[in-house]
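FYI, it's all coordinate maths here, none of it is from the lab. None of the values given here were measured: they were computed from a predicted structure. Backbone-built Cβ (ideal geometry, glycine too); neighbour counts: all protein chains shown.
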Amino acid sequence: MTMATTASARGGVPSLHALLRIAGWIGLGLIAVAVSLSDFLATAPANATAIGPLLAPPSADFRFGTDILGRDMLSETLHALSATVRSALPATVVTLLVGALFGFVAARLPRSLALTLRSLVGILASLPALLLAVLVIGLTTRDWAAVAAGLSAAPFTFVRAFDRARIEERATHSEYARATGISASTLLRRDLVYEFSDTILSSAARALAAVTLILSTVSFLGFGAVPPHRDLGLMIAAAKPYFLQAWWTAAFPAAALTLLILFARLAAGLDEGERA
Amino acid sequence: MSEGRPIVEVQDLGVIHNGTTELEKISFRLEGGETLVLLGDAVSGKDALLRVLGGYAKRGDVCSGTIAFGDGVALPAAKRGKSDLRVVYLAAAADAPLHPHASVVSQLSRVIARRHGSPRASAREELRIALERFPAAPPFADLKKRPGELDAMALSWALLAAAIAQAPQLLIADHAFGDLTPRSIRAIVAALMAEQKRLGFALLYAARGLKAAAQFNSRVIVLRQGKVIEEGAFAKLASGQSHAYTRTLFKALPRPLDTPPGRNATRGEPLLQVQGLDLLGAKTKSGRGRDGITFELRRGASLALIGEEGSGRRALVRALLGLDNVASGRVVLDQVDMSILSAPMTSRLRRRIAFITGADDALDPRMTLWDTVDEPLRAHLRLSREMVAGHRETALKRVGLASYDGRRAVATLSPYDKRRLQVARAIVSSPFLAVIDEPLRGLDAFAQSILTELLEDFRRQEGPAFLIITADVGVAQALAEDAMFFKDRKVVERGPLRDILKNPKDEETRLLIEAARPVTD
């Protein structure tokens, strides 16, 4: 029967989806462990030069090899990963507060005001997030890079939260609730308790992926982290002159960055091709 | 023509699914031209029977007994291969059996083409011919729309036409018409029976409620928890039932010729006064509004707004609650003119209104069972946590949901449980007006009986006025004393329901009453 076939087909997809999400959260958990233990796992302090020979390939002594200044790439990658995550976390909080929470509340403003706000933020969301981040850093200082990344990722999150809240607001159950005198504030509280709390983790993971990419790119372009504080973007940028001869100088930080973003996106349950 | 020939003979059929017995030793024989109605709720075992007969058993089904199709030998149900008999499945439009993004005609003609092994163009022609056999069916051109663009009745006609175009020998209908209005059911069942007479196929109709079963007036098997508890002609079962479960089921049978309760002598002051409410929107050329709807609902009274879909009943309720604007008219609720109230004041007045509807999305699916009942108390009154819990427990006990885990999400409840939860939410609101919109829609007969009793109890204890929206005179008869009949957004007849049932003056009223009457009467 068509219905049965469709149902079984539908039944299969969520389980794979759920498995991927679990894999994403496990991956993020492992990264969190690596970050919190980075000082113990790393064999050398951050930015310690002349630990080994210059540009030594991966070996038993230096598992990720060394860079042009003789720094241990494994230790450097762990420190840079830690620096990236520590910047990305406050940026994620900014994105959630300015994007998700504000978007959720803005959808309940008077209709004309809400739609105007939605249009304005929609225009911001159509601009490249990277340019927004660079603009905010330019208007402030590099110390504000995390806030800049959070703000630049916020428009997407705002639009997403706003649209979801509008759907809920127009749902049949909301109309029945209003018809029996349930106030707008009670409905907002209901949506915050159920919708926002249900989606907060996936929204956070989605925002984490977005701000990590923005922060790393900003650093890669030279607008973010400043030596001696190196994050993954800056490490990849530093490897530019010689990564064709010494691939490991760029490959390991890039792999760490890729895994962080991939796990965050899987944890968020992002579909193929969906943008943060 | 296979009239009179054996079509299917089931002997001691049993189905165990993943260790749970779904069907126990059921036996019946069905001949060409014969109709058998399987009556039971969601766990009665009729679904298991249909899927085994239809040849789409689930993984994990363990079948026993034998099935013989046509003149063939009886084969073990567990090893049954594909039958040469043309078994056709007719689904309910409400179950959304078609893909939402493809046109109805393309999907149905593909099914017919596959059945006959014919080109799609000729299958399309078969569908057109079958559809045109039904005068009340929508035009064939409408089938180019997607399923969501057709109403339930039009889609039901299309599904029936597709089933007939497959020239069935055994037609299995799974609650195919139960969610339609009584008038629609009467029309579509009459058309189906005419086709059955013409083609001689056997019909196995699985019914949750009695509305459609009453129109077939055929042999009925009553199933409960996988067992046959009663069997016989519908007319005989309707006149007397030997099993208590069957008695409860048949309480839901609409009997519009019975005498409904008279007006309550203790009715109070006017609660709702509607004057000249214009549902037609536009004003007349003279600039004055046309004669709108005027009526009054007193405290504790019950008024049924009866009519087909789109007749204006819901529009009236939305207008008088201020959810939609109207061209003209005045609504006075609880001595207050709604038109002069600010939005917050309107909201305060609405606190004493409860809704109980047949729409399963009327409750927030994310909320828990407890939160759903607590919300009106928390939102409208400043009560301690203990008092809220006390009110909630009392209400849930009254509707039979007290034993459920209160942290369960509404989304996980059955339609029957959601309906009972709506009643519990209404009970804690202590409303002066309860708007009850097709409360029994989609429920099985047992659930319909229980819910009707709950609503009667709710009215008896809390004493709200009832405003009932329904297309089923039987529902109105059970819950209301007065009625207004609607057609084309106008009131065509009004008055005490008892008087109207005895002597309907308008043709529309007569048709609505006639449709709710079982063919056994």
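Dividing the mean sequence gap of close Cα pairs (under 8 Å, 6+ apart) by how many residues the stretch B:97-166 holds gives a relative contact order of 42 percent. Our helix-only sum for chain B, with -39,500 (n - 2.57) per DSSP H run of n ≥ 4 divided by its residues, gives a mean residue ellipticity at 222 nm of -11000 deg cm²/dmol.
Here chain B is scanned for trypsin sites (Lys or Arg not before Pro) in DSSP loops (not H, G, I, E, B) that have at most 12 other Cβ atoms within 10 Å, and the longest stretch holding none of them is B:83-284.
Dipole size of the stretch B:270-516 about its Cα centre, with +1 on Lys/Arg Cβ and -1 on Asp/Glu Cβ: approximately 780 debye, rounded to the nearest 20. Distance between the modelled labels on A:Ile22 and B:Ser103, one decimal in nanometres: 4.5 nm (7 Å Cα→Cβ projection). With respect to chain A, whose longest principal axis is taken over its alpha-carbon atoms, helix A:145-169 is tilted by about 20°. Less than 5 angstrom separates the built amide H of B:Val37 from those of B:Tyr205, B:Arg219, B:Val220, B:Ile221, all sequence-distant by 5 or more or on a different chain. Near B:Lys487, the amide H atoms lying under 5 Å from its own belong to B:Val492; only residues 5 or more places off or on other chains count, and H is placed 1.01 Å from N. Modelled spin labels at A:Val33 and A:Ser185, positioned 7 Å past Cα toward Cβ, are 4.7 nm from each other. The string of couplings for the stretch A:201-211 from the Karplus curve (6.51, -1.76, 1.60, θ = phi - 60°) is 5, 5, 5, 5, 5, 5, 5, 4, 4, 5, 5 Hz, one whole number per residue in order, with x for Gly and Pro. Couplings 3J(HN,Hα) of the stretch B:435-444, computed from phi: 8, 10, 10, 6, x, 9, 4, x, 8, 6 Hz, in residue order, whole Hz [Karplus 6.51 cos²θ - 1.76 cosθ + 1.60, θ = phi - 60°; x for Gly and Pro]. Give me the net charge of B:Leu237's neighbourhood, meaning all other residues with Cβ under 9 Å from the Cβ of B:Leu237; Lys, Arg count +1, Asp, Glu -1. So the surrounding residues net to -1.
When the alpha-carbon atoms of the stretch B:1-128 are used, the pair Rg, Dmax equals 16.6, 46 angstrom. The phi torsions of the stretch B:415-421, fed into the Karplus equation with coefficients 6.51, -1.76 and 1.60 and a -60° offset, translate into couplings of x, 5, 5, 5, 5, 5, 5 Hz, rounded to whole numbers, with Gly and Pro shown as x.
Computed from the C-beta positions of B:Ala194 and B:Thr294, the FRET efficiency with R₀ = 41 Å rounds to 0.45. Database remark: amide H of B:Arg299 closer than 5 angstrom to the amide H of B:Gly268, B:Glu269, B:Leu271 (H placed geometrically; neighbours at sequence offset of 5 or more, or on other chains; Pro and chain starts carry no H). Shown is the FRET efficiency for A:Glu175 and B:Ala78, computed with R0 = 56 Å from the Cβ-Cβ distance and rounded to the nearest 0.05: 0.65. By DSSP, what percent of the beta bridges with both residues in the protein assembly as shown are antiparallel, rounded to the nearest 5? Restricted to the protein assembly as shown, the bridges split so that about 55 percent are antiparallel. Placing +1 on the Cβ of each Lys and Arg and -1 on the Cβ of each Asp and Glu in the protein assembly as shown, which of B:Pro97, B:Leu127, A:Ala83 has its Cα farthest towards the positive end of the resulting dipole? It is B:Leu127, whose Cα lies furthest towards the positive end.
Computed over the Cα atoms of chain B, what is the ratio Rg over Rh, Rh following Kirkwood? Display every interim value, and only then the final one.
Values: Rg = 24.8 Å, Rh = 24.9 Å.
So for chain B, dividing Rg by the Kirkwood Rh gives 1.00.
Based on the convex hull around the alpha carbon atoms, the protein assembly as shown presents an average projected area of 43.9 nm². Taking label points 7 Å from Cα along the Cα-to-Cβ direction, A:Arg86 and B:Arg29 give a separation of 8.6 nm.
Taking 0.36 nm per residue of sequence separation and removing the Cα-Cα distance, the B:Arg407/B:Lys227 pair yields an extension gain of 61.5 nm.
Given a Förster distance of 35 Å, report the FRET efficiency between B:Glu514 and B:Leu381 from their Cβ-Cβ distance, rounded to the nearest 0.05.
On the way: r = 47 Å, r/R0 = 1.34.
It comes out at approximately 0.15.
Let me make sure I get this right: for the stretch B:97-166, a, b and c are the square roots of the gyration tensor eigenvalues over alpha carbons, sorted descending. Under 1.5 in a/c it's rounded, otherwise prolate if a/b > b/c, else oblate. Which is it?
On the way: a/c = 1.85, a/b = 1.23, b/c = 1.50.
Because a/c hits 1.5 or more and a/b fails to exceed b/c, the stretch B:97-166 counts as oblate.
Annotation: aspartates and glutamates with alpha-carbon distance below 18 angstrom to B:Lys197 (same-chain offsets under eight excluded): B:Glu3, B:Glu31, B:Glu34, B:Glu132.
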